[in-house]
């Protein structure tokens, strides 16, 4: 199975495998690394890539044009959640390329040039896949850890909500145990040594934060959170 064929499996597992925050049963939308409009657009992309395109069914490709236009319009209008803020520039570039691919698909569907339409469908799929990879977590365990860290760093720390800060310390310790057991996929094994080293530092930061959260001063707790956040960013940049 190649990378392109993994998309359908990923979309089905996106919601099933997503970690759930223990502090809040319903985290804010910007704390969840999802773009629902992109996930919904997969429905028409799946029809194009797995049904119409391999069978060279240009009649079906033409019939799907309204769904393509509607899906692209929704993706273009979608708001990227705050937890993905560091990917905003890449997202905007990817959306622009998706819009261009959509225009090419529309133009091709208005002709009788089958090869042109098939090429346009392939390009559309490629641009969709690029956006999906952009929000797709490298490791589900790392993404789950980040969802809790995001709430701590962007919600609880600014207000110094000590109750939720302490709850976060317990939650992050639990999630770090899961992350410590995670194995990089084969395609990323060349970065394994960097990952192992950075993960170890992150684990130590989690332990330090957990130890100081119950008894430390406000200043020491804030410093521990900043160190934890920095060490998480080091892990994440390994895969950028």
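Being within 19 Å of the chain's Cα centre (by Cα), modelled with pLDDT under 95 and over 30 Å from residue 69 (Cβ atoms) narrows it down to one residue among 140, 133; which is it?
Selected residue: 140, the only one of 140, 133 that is within 19 Å of the chain's Cα centre (by Cα), modelled with pLDDT under 95 and over 30 Å from residue 69 (Cβ atoms).
Give just the number: which of (1) free of Cβ contacts under 8 Å to residues at least 24 places away in the same chain; (2) touching a helix residue (DSSP H, G or I) at 6+ places or on another chain (Cβ under 6 Å) does residue 196 not satisfy?
So the condition that residue 196 fails would be (2).
Look through 169, 120, 107, 115 and report the one residue that is farther than 30 Å from residue 223 by Cα, without any contact (Cβ under 8 Å) to a residue 60 or more places away in the chain and surrounded by 18 or more Cβ atoms within 10 Å (Cβ to Cβ).
Just a single option satisfies the conditions, and that option is 120.
Among the numbered conditions (1) touching a residue at least 12 places away in the same chain (Cβ under 8 Å); (2) under 25 Å from residue 184 (Cβ atoms); (3) surrounded by fewer than 18 Cβ atoms within 10 Å (Cβ to Cβ), tell me where residue 85 comes up short.
Only one criterion in (1) touching a residue at least 12 places away in the same chain (Cβ under 8 Å); (2) under 25 Å from residue 184 (Cβ atoms); (3) surrounded by fewer than 18 Cβ atoms within 10 Å (Cβ to Cβ) is unmet by residue 85, namely (1).
Do the conditions hold for residue 150, that is, is it closer than 30 Å to residue 209 by Cα and surrounded by fewer than 20 Cβ atoms within 10 Å (Cβ to Cβ)?
Judged against the criteria, residue 150 is not a match.
In contact with a helix residue (DSSP H, G or I) (Cβ under 8 Å, 6 or more places away or on another chain) and free of Cβ contacts under 8 Å to residues at least 12 places away in the same chain: is that true of residue 203 in this structure?
No: the conditions fail for residue 203.
Considering (1) at pLDDT below 95; (2) not assigned by TED's automatic domain parsing to the domain that holds residue 46, say which one residue 167 fails and leave the rest.
With respect to (1) at pLDDT below 95; (2) not assigned by TED's automatic domain parsing to the domain that holds residue 46, residue 167 is out only on (1).
The values are calculated or read from the model by the stated rules, or taken from the named source; none is laboratory data. All figures in this text were calculated on a predicted structure; none of them were measured in a lab. Reconstructed Cβ throughout: ideal geometry from the backbone, glycine too, with neighbour counts over all protein chains shown.
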